1. So, in the stretch A:94-129, how many residues would count as being open to solvent by 60 Å² or more (accessible area, probe 1.4 Å), part of a loop (DSSP other than H, G, I, E, B) and in contact with a strand residue (DSSP E or B) (Cβ under 6 Å, 6 or more places away or on another chain)?
2. Can you tell me how many residues within the stretch B:100-113 are within 11 Å of another protein chain (Cβ to nearest Cβ) and open to solvent by 20 Å² or more (accessible area, probe 1.4 Å)?
3. Out of the stretch A:174-185, which residues are open to solvent by 40 Å² or more (accessible area, probe 1.4 Å) and either facing another protein chain (nearest Cβ under 10 Å) or touching a residue at least 24 places away in the same chain (Cβ under 8 Å) (or both)?
4. Do the conditions hold for residue B:29, that is, is it within 14 Å of chain A (Cβ to nearest Cβ), touching a residue at least 12 places away in the same chain (Cβ under 8 Å), among the aliphatic types (A, V, I, L, M) and surrounded by fewer than 19 Cβ atoms within 10 Å (Cβ to Cβ)?
5. Wholly within the stretch A:1-93, which strands (runs of 3 or more DSSP E) include no fewer than the required count, namely at least 3 residues that are hydrophobic (A, V, I, L, M, F, W, C)?
6. Return yes when residue A:382 is surrounded by 22 or more Cβ atoms within 10 Å (Cβ to Cβ) and either in contact (Cβ under 8 Å) with a residue 40 or more places away in the chain or under 31 Å from the mean Cα position of the chain (by Cα) (or both) and no when it is not.
7. For the stretch B:142-159, how many residues are part of a strand (DSSP E or B) and either more than 10 Å from chain A (Cβ to nearest Cβ) or among the hydroxyl-bearing types (Ser, Thr, Tyr) (or both)?
8. From A:587, A:649, A:601, A:569, grab the single residue that is over 22 Å from residue A:545 (Cα atoms) and touching a Lys or Arg at 6+ places or on another chain (Cβ under 9 Å).
Amino acid sequence: MTNYLLEIGLEEIPAHLVTPSINQLAERMETFLKENRLEFDKIIKFSTPRRLAIIVEGLAEASEAIDEEVKGPSAKIAKDAQGNWSKAIQGFSRGQGATPDDLILKGDYYYAKKHIDGVKAEEILSKVGDEVIAKMTFSTYMKWGNNDFLFVRPIQWIVSLLEDKVVAFDLLDVTANRFSRGHRFLANVEVELKNANDYASKMPENFVLVDAEHRKAEISAQILALASENKWQVTLHKDLLEEVNNIVEYPTAFVGSFDPKYLSVPAEVLVTSMRDNQRYFEVYNQEGQLAPNFISVRNGNAENIENVVLGNEKVLVARLEDAEFFWKEDQKLKIEDLVAKLAKVTFHAKIGSITEHMARTKEIAAKLADIAGLTDEEKRDVARSAEIYKFDLLTGMVGEFDELQGVMGEKYALLAGENANVSAAIREHYMPTSAEGELPETKVGSVLAAADKIDSVLSFFNVGLIPSGSNDPYALRRAVQGLIRIIEKMNWHFDLSLFIDQFEGENHLEILDFVKARIQKLLLEKLDRHDIVEAAINSSNFDITNMMESAFVIDGHKLHEPFKPAIENVSRSINLVKKAKDIKEINPTLFEEDAEEALYNVVISLQNQWTYMPGEEKFRAIVHSLAPAIETFFESVMVMAEDLSVRDNRIALLSEVVALTSVMADFSLINTK
Amino acid sequence: MANKKLAFQDIILTLQGFWSKQGANLMQAYDNEVGAGTMSPYTFLRSNGPEPWGAAYVQPSRRPADGRYGENPNRLFQHHQFQVVLKPSPKNIQELYLQSLAELGIDALEHDIRFVEDNWENPSMGCAGIGWEVWIDGQECTQFTYFQQVGGIEVDSVTSEITYGLERIATVIQEVDSVYDLEWGNGVAYGDIFKEPEYEHSKFAFEESNQELLLKLFGEYEQEALDLLDKGLVHPAYDYILKSSHTFNLLDARGAVSVTERAGYMHRVRTMARKVAKTFIEERAKLGFPLLKDEALREKYLGKKGKYTKIVEGEEK
């Protein structure tokens, strides 16, 4: 059992590609070894911005030898009329390196026995360059020099060591050997590795912390130590930490500061400058206020770190200077002027200007505000926010820091005297910004956010810009998912199908299917019964809140005793009604049996309260009142009575049952087997 | 820190000395308004086709929208780039760059030097490359790019481009907070030379430029460029493309271009850029790519028959 080290030395890999790349390398190596039947215990991963490395532990000395039988021609065509071996058999034998007499007959076919010798690990590993490294795939590729070979960044060196022996191979102009390299500056030398097992200890000696998890822990510990030393609070943002970890090989955290006068600029702006532009960690004092300091990480040791601190502070000042400039200049602008200029800003070339988008959103928002039961004052706020909510796109600050769109809008609106609801709605209309992202808190913001999303979907579908497959450049899936989450959270009840039919458009059916698919996806993240989800999203009216609720309610009862018979009775009703050609009015005088009368009474009493009944109660009513009444009905009457008027009347009664239950779900889609 | 602090002009001299020894020909700044050293024909045109090439030059680079009336410590209407292009990209190009910093007195052990991913793109010129911005103590000082596509055409031999932001580098070397406090040379401050033009150009670009004239000029420059391209006059045509591009930048700074129109203008510049890049290769092909001397590479790019077929077969499909 031996260990094998493979290290690919590269020019700096983009930070966000380091982890996926090393995972890919390990997976490809695993597949390669398995295909070659070379056994091993495990693969250990190492990665830095300049290298991807793996150690395969417990590697067998050679692949296993195997004996296999290769299927050949059938016995029918094995011999010709004279009893001689046919061409087919001779050809097959030759191909297997045997003669026809070596073949064995099993059942109707001839087989060749084949022995494949084990291959030495070294020989297999010598193909790693072409079979593992060259086959790697990336989101962006590059070529370099006069080569046509594509990779994530130019390959500078390769280490390939089986214990103490080099397993040589060539890739492009690089020959694998035993020489790695140390830190770019702290140990700018070739590092000779005598043995694969020296890697984990030898590299840190040369200022390269090759174990990415260990390096990350080291960075975290250093940052927390500095924060505690200075009595600051700091959050180790996961993404930022991952990025910082993948732009350093030897981390040393340090503290910098800036003039407290910049704290007059909104904290969001300062944090964006520090975190997004400079990859610094912002710090807060014990009261939770932003402190005029930051923590950053150097790719090097602590020597001469004072230069690094000074340099970083200087860069930050220039950025903050710009931010302060925009903060002051933007306050001189008038919201009305900016809004007027939005007429010249394109929403999408095929759709029109932002101003037009805002006008449509305003109309949609007004109708949503009615549905949401907003007060007159809140409705005025909705209208006002819809008139101005994109104005900050034309401020200097958002021009410079586009991630602050909405955030700056709220601040500038407040300064301009807009009320808190209107201002908050400007910020909140972008929410949620991710699948699990926060939703708007205010009612006005929820209405505006939903209306903005509805108009986006209507407009893009209307000009044929419809997402397909992985292609969704305008993030309409995210918008719809956000819309669904807002509607559900706000507990709005309305029929989306009727709602969008109030607006012009060609593709309303497609839009509804698109929305359904998103609801389905959201539900299947939490529920595993496809049939129940399918039933809920195919309820008779397109009430999103109901659909979501129904799915959870029905799923919650799926294990209870009366579930199965109840669903079966309702399904049977649905199927009978589906077959009927036309449905007549119910005529109670035509009832012949008590069971009809009883079912009718249940239906009438439920109809009166159905609209406002919560889903859980609806379902209980279906299971405990309606379904038993249906069951008795089926037991005591023949629906398909000979008297046509009686028959039609019974179908009419069932159709009322179906109308009730369909509001909740299409129960015939639920599998009770 | 290094004992003597290099003046701005000494930085230029040092870089010229260093790169001229690495195979770069010292060219002079291009005499046309450009937004970046990349726009010089010594980079843009020469990075297409299979011929080797090396050049280094200072390029004053005008970016009207970045003007700050001489009030921001490091944002400028016009800054200076030191541009190095080597084609094909040498294997040790990163090391060469770091050596050049050492020559400037920037000791890597006294600073924090990072190669941070920054894939460069100039959509209006149909250019894309893979590379980094180089940070020195958190300051972006250099753009480092391996060209992949120029003028909408996938490159043959890859050009490595190093663009030093001279003002940024100089503030690191001279340890000053504002570019205006830099010493240009002989005790003359950068501010003494450039503060006034910075103010005037900002005032001009943001407040006083004649929009109607600029709009008219854009159209005329564009027409001239297209006419010249039809006549196969690559270099004069390219000059007019640069003029129209700069005119567009002035219009943009003035806020005279809406987002919709912006896309339209960029498209027009891109169309010209594609044409000129293609015409340049065609003209070089007619000359037989005289700078491509290596026999193996001639065969790689021109085939056994010595005929360059990529533009005809590849680009226009």
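The values are calculated or read from the model by the stated rules, or taken from the named source; none is laboratory data. Bear in mind that the values here come from a model prediction, so they are computed numbers and not experimental data. Every residue, glycine among them, receives a Cβ derived from its backbone with ideal geometry; neighbour counts consider all protein chains shown. These area figures cover heavy atoms from the full protein model, side chains too; ligands, DNA and RNA do not enter into them. Shrake-Rupley method; radii C 1.70, N 1.55, O 1.52, S 1.80 Å.
1. Qualifying residue count, the stretch A:94-129: 1.
2. Summing the residues that are within 11 Å of another protein chain (Cβ to nearest Cβ) and open to solvent by 20 Å² or more (accessible area, probe 1.4 Å) in the stretch B:100-113 gives 5.
3. A:181
4. Judged against the criteria, residue B:29 is not a match.
5. A:2-10, A:42-48, A:51-59
6. So residue A:382 passes the test.
7. Result for the stretch B:142-159: 7.
8. A:649
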